[in-house]
Amino acid sequence: MSRWLWIGIVALSIGGAQAQRVNTDSLGKVVLPIVKGDTIKPAVDPNLAIDSLVVRTKEKFRPVPRKATIFAIAFPGGGQIYNRDYWKLPLVYGAFGGAVYAIRWNTLRYNDFLTAYKAFYDLSTGKPRTDITTYPVYLRGTDETRELTLDQVKRGRTAYRRYRDYSYVISVAVYALAAVEANVAAHLKTFDISEDLSLRIEPSLYQPNMPGPTAGVRLVFGVR
């Protein structure tokens, strides 16, 4: 029995000594054991592109009001194009084109009556002519020519000059209105408008002329 006991003790001693033995190379340096990494590799689909793993979010366009105003002043509709409000362009160009057309139309008529008015005077002396009492004037609205007196020519010249001036005022107003609209629209696009308008019930504490607080509820209507 004692022989087998001594054999077991000797075997355990030799195994412990080998376990504590440090590997060294020929120069006496300690050589650490090489530990292999995990040989199990995750399965990767070769058809899956790396870019598909990246979630790309499109940033919301936020126009600068100052730039919108500058573009609107630079050319008609420029502010609306900058704000990407393309549906407003027909309105802007329609209003501005109508004003320009009115300027041209009233200017042509004014020149017709101005030419007739000059015909009643001697341009070298500035005195009225006595050899004519009427002068043919082409009426563009009715596409006909009529013999008009000096008084009729004066009234027509004054009326169409006034209409021409009004047309200039309207064209400037349309230009300015388009610039103001572009500025306001750019400001509105930068507002953070939430669609969650809800009515909530929340607990609350009240103390209206009472010795202690009183539990209750309240209705809150607001934006989350």
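Read the figures in this text as sums done on the coordinates, not as results from a lab. Predicted, not measured: the structure shown is a model, and the values here were computed from it. So basically every Cβ, Gly included, is an ideal-geometry build from the backbone, and we count neighbours across all protein chains shown.
Filter the range 116-135 down to residues that are more than 18 Å from Arg162 (Cβ to Cβ) and either in contact with a helix residue (DSSP H, G or I) (Cβ under 6 Å, 6 or more places away or on another chain) or surrounded by 10 or more Cβ atoms within 10 Å (Cβ to Cβ) (or both), then give me how many there are.
11
Of the residues making up the range 57-92, those that are aromatic (Phe, Trp, Tyr) and surrounded by fewer than 16 Cβ atoms within 10 Å (Cβ to Cβ) number 4. Being within 21 Å of Tyr163 (Cβ to Cβ) and outside any loop (DSSP other than H, G, I, E, B) is a property that holds for Arg104.
Within the range 136-183, if we keep just the residues that are surrounded by fewer than 14 Cβ atoms within 10 Å (Cβ to Cβ), among the β-branched types (Val, Ile, Thr) and assigned to a helix (DSSP H, G or I), the residue that is farthest from the chain's Cα centre (by Cα) turns out to be Thr158. Examine the range 101-115 for a residue that is closer than 30 Å to Ala178 by Cβ, exposed (fewer than 13 other Cβ atoms within 10 Å of the Cβ) and hydroxyl-bearing (Ser, Thr, Tyr), and state whether such a residue exists. Within the range 101-115, one or more residues are closer than 30 Å to Ala178 by Cβ, exposed (fewer than 13 other Cβ atoms within 10 Å of the Cβ) and hydroxyl-bearing (Ser, Thr, Tyr).
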